[in-house]
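**Student:** I'd like to ask some things about the structure below.
We did not get these values from a lab; they are worked out from the coordinates using the rules stated. Model, not experiment: these values are computed from the prediction. No Cβ is skipped: glycine too gets one built from the backbone with ideal geometry, and neighbour counts run over all protein chains shown.
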Amino acid sequence: MFATQHGGRRTVLTVAALSISALLLTSCSSSGGTTTGANPDAKPKTADGPYGKFPGEKLTLSRWAGDPWTAGQQTAATAWNASTGGNLTLAPVPYENLHDKQALTLSSGSDYDIVYVHPSWFGEFAKAGYLAPIDKYLSDPKRNPPGFSAASYQESVLKQGNYDGTQYCLPDFVSTIVVGYRTDLFQAAGLSAPKTVDDIIADAKALNGKDGASGIVMPGKATGAVSDVFSSLLTAQDNWWYDASGTKSTLDTTAATNALNFYTSAAKYAPTGLLNMAVDDAATVAAQGKAAIVVDTTPSLSALEDTSKSKTVGKWAYVPLAFTADKPGGELIYWNWCISAKSKNKDAAYSFLQFYTDTAQQAKVALAASTLGATKSFYTDKAVTSKLPFLPAVNAALSNSNPQPSLATWPKIQTAIEVAVQDAIQGKKTTAQAVAAMQDALKGLTG
């Protein structure tokens, strides 16, 4: 799937003298890699600063290249360096090469200390022994701010970095699907906030064409987001595509029918060209005042609150998707931060992971790049919620969520699912035929 890139900073050291070997051994602590003079328990001088002092330690972080979140991570690395005395550098690789580059490097004397691991290969890396357990770090009060522990994270998100009962990673880059609705248009029409998908359809019908706006807009293009919305609709009904093994379909016909009926009904009150709209296209329509309701991913919805992009700033409120009031559902989209099992700087690596994934740093990234954090306190941070008012809806959605499918077989299955949704919207397939096509596609699950 990915092209392998060779190279990197690996250096082969030939150590002949026994005294030199002994010197090298004494430079690392038994706790997981700390050079002489380091103090991993040192408390930060400023609030929300990183723990530990690591003078002279050089760390490399593996991540993908060419995205808008690099700047925020580089800023955090610079702050961590200044506070701890360490030297953390980013090693970006094009996404299409990232898996193979990481696998090659981690399997052959890693020169990575921290790796940004996509869900689709987290299990592979954990099973292969490429990642270092971090349970002892999370439970050590000397390495974390007062009260900080595994319980500080959203449980549904944190568990995605757990493999066979062992915690390996800390999460960030969180997003999900929520619903935005125009409060001014709802108030003018005497409508209450939508609590269920039936409310959303009824409100979209009532508001369609009012003030030059369509009733609703959502992604319709087969680029993954249709599947994301559909996944959230299934989760809200306590259903999912497959079982825990990832080899057996669990798609319930009634749940799939309900989800598909929402899509086809919403399409009646959507703008022309729905099937060509990706997540950013749908958000742009809403931001320009051309829709009363929008269903979309949270990074895209941030455009609605951006004065440089939106004509409707301050006119939106947000709710999660729900078939039954007060029983929301969502799809969890995320990445994992992990420590290389072969890193000689594990203490320092954890210091950066804790620092970066905690609320203060994630708030800075969220405001700059519109991704969300994974700590519970992130969703109650006033500075963030004032800029990203959809956070309470996200918090509700994540309380009942399934992780975005990441099986090796999923891309092909996902395409078939999204085409089935499009066919139903266009009338090329009945609802029953489209659901049957999804169930046929899920036969492609393999162990």
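**Student:** Quick one: LEU332, LEU301, fewest Cβ neighbours within 10 Å first, how do they rank?
**Tutor:** Sorted ascending by nearby Cβ count, the order is LEU332, LEU301.
**Student:** Once fully extended, how much extra length lies between ASP326 and THR254, figured as 0.36 nm per residue of separation less the alpha-carbon to alpha-carbon distance?
**Tutor:** Taking ASP326 through THR254 to full extension adds about 23.9 nm, to one decimal.
**Student:** What 222 nm value per residue comes from the helices of the chain, counting each DSSP H run with n ≥ 4 as -39,500 (n - 2.57) and dividing by all residues, nearest 500 deg cm²/dmol?
**Tutor:** So the calculated ellipticity at 222 nm is -11000 deg cm²/dmol.
**Student:** What base-10 log of the normalised intensity I(q)/I(0) is obtained for the stretch 365-414 from the Debye formula, alpha carbons as equal point scatterers, at q = 0.16, 0.30, 0.33 Å⁻¹?
**Tutor:** The calculated log intensity ratios at q = 0.16, 0.30, 0.33 Å⁻¹ are -0.57, -1.16, -1.31.
**Student:** Another question about this same structure. Can you sort THR284, THR415, THR84 by how many other beta carbons sit within 10 Å, fewest first?
**Tutor:** Ranked by crowding around the Cβ, least crowded first: THR415, THR284, THR84.
**Student:** Gaussian network model of the chain, Cα springs within a sub-10 Å range: biggest mean-square fluctuation belongs to which of ASP164, ASP238, ASP111?
**Tutor:** ASP164
**Student:** In degrees, nearest 10, range 0 to 90: what is the angle between the Cα axis of helix 95-106 and the longest Cα principal axis of the chain?
**Tutor:** Roughly 30 degrees, rounded to the nearest 10.
**Student:** Then there's this: About the Cα centre, and with charges only on the beta carbon of Lys, Arg (+1) and Asp, Glu (-1), how big is the dipole of the chain? Nearest 20 debye, please.
**Tutor:** 620 debye
**Student:** May I ask what percent, to the nearest 5, of DSSP beta bridges between residues of the chain are antiparallel?
**Tutor:** DSSP beta bridges in the chain are roughly 65 percent antiparallel.
**Student:** Work out from phi, with θ = phi - 60° and the Karplus expression 6.51 cos²θ - 1.76 cosθ + 1.60, the ³J(HN,Hα) of each residue of the stretch 429-434, listed in order in whole Hz, and give x for Gly and Pro.
**Tutor:** Per-residue couplings from phi come out as 9, 6, 4, 4, 5, 5 Hz.
**Student:** What residue among ALA204, ALA266, ALA91 has the largest mean-square fluctuation in a Gaussian network model of the chain, using Cα springs under 10 Å?
**Tutor:** Among ALA204, ALA266, ALA91, the largest GNM mean-square fluctuation belongs to ALA91.
**Student:** Under the Karplus relation 6.51 cos²θ - 1.76 cosθ + 1.60, θ = phi - 60°, what is the ordered set of whole-Hz ³J(HN,Hα) values for the stretch 187-204, x standing for Gly and Pro?
**Tutor:** 5, 4, 8, x, 9, 8, 4, x, 10, 9, 5, 5, 4, 4, 5, 4, 5, 4
**Student:** What is the log10 of I(q)/I(0) for the stretch 293-447, computed with the Debye formula using one identical point scatterer on each Cα and no solvent, at q = 0.10, 0.11 Å⁻¹?
**Tutor:** Debye curve over Cα of the stretch 293-447, log10 I(q)/I(0) at q = 0.10, 0.11 Å⁻¹: -0.54, -0.64.
**Student:** If I model a spin label as a point 7 Å beyond the Cα along the Cα-Cβ vector, how far apart are those points for ASN261 and TYR95 in nm?
**Tutor:** Placing both labels 7 Å along Cα→Cβ, they lie 3.5 nm apart.
**Student:** Something else now. Dipole of the stretch 221-322, Cα-centred, from +1 at each Lys and Arg C-beta and -1 at each Asp and Glu C-beta, to the nearest 20 debye?
**Tutor:** For this selection, approximately 360 debye.
**Student:** Compute a Gaussian network model of the chain, connecting alpha carbons closer than 10 Å, and tell me which residue from ASP296, ASP381, ASP358 fluctuates the most.
**Tutor:** Maximum fluctuation in the GNM of the chain, among the listed residues, is at ASP381.
**Student:** For the chain, with the dipole built from +1 on Lys and Arg beta-carbon atoms and -1 on Asp and Glu ones, taken about the Cα centre, which of PRO141, THR415, TYR181 lies farthest toward the positive end?
**Tutor:** Towards the positive end, the residue furthest out is PRO141.
**Student:** At a Cα cut-off below 27 Å, give the lysines reachable from LYS309, other chains included and same-chain residues fewer than 8 away excluded.
**Tutor:** Excluding near neighbours in sequence, the set is LYS205, LYS210, LYS221, LYS268, LYS290, LYS364, LYS382, LYS387.
**Student:** Within 10 Å of each residue's Cβ, count the other Cβ atoms and sort TYR350, TYR116, TYR242 from fewest upward.
**Tutor:** Listing TYR350, TYR116, TYR242 from fewest to most nearby Cβ atoms yields TYR242, TYR116, TYR350.
**Student:** Positive end of the charge dipole of the stretch 331-447 (Lys, Arg +1 and Asp, Glu -1 on Cβ, about the Cα centre): tell me which of SER401, CYS338, TYR379 has its Cα farthest that way.
**Tutor:** With unit charges placed on the Cβ atoms, the residue in question is CYS338.
**Student:** Then there is this: May I ask for the net charge around GLN362, where only other residues with Cβ less than 12 Å from the Cβ of GLN362 are counted and Lys, Arg are +1 while Asp, Glu are -1?
**Tutor:** -2
**Student:** Putting +1 on Lys and Arg Cβ atoms and -1 on Asp and Glu Cβ atoms, find which of PRO119, TRP241, ALA222 reaches farthest to the positive end of the dipole of the chain.
**Tutor:** The one lying farthest along the dipole's positive direction is PRO119.
**Student:** Here's something else I'd like to know. Charges at C-beta only: +1 for Lys and Arg, -1 for Asp and Glu. How large is the resulting dipole of the stretch 62-188 about its Cα centre, in Debye rounded to 20?
**Tutor:** Here the stretch 62-188 has a charge dipole of around 220 debye.
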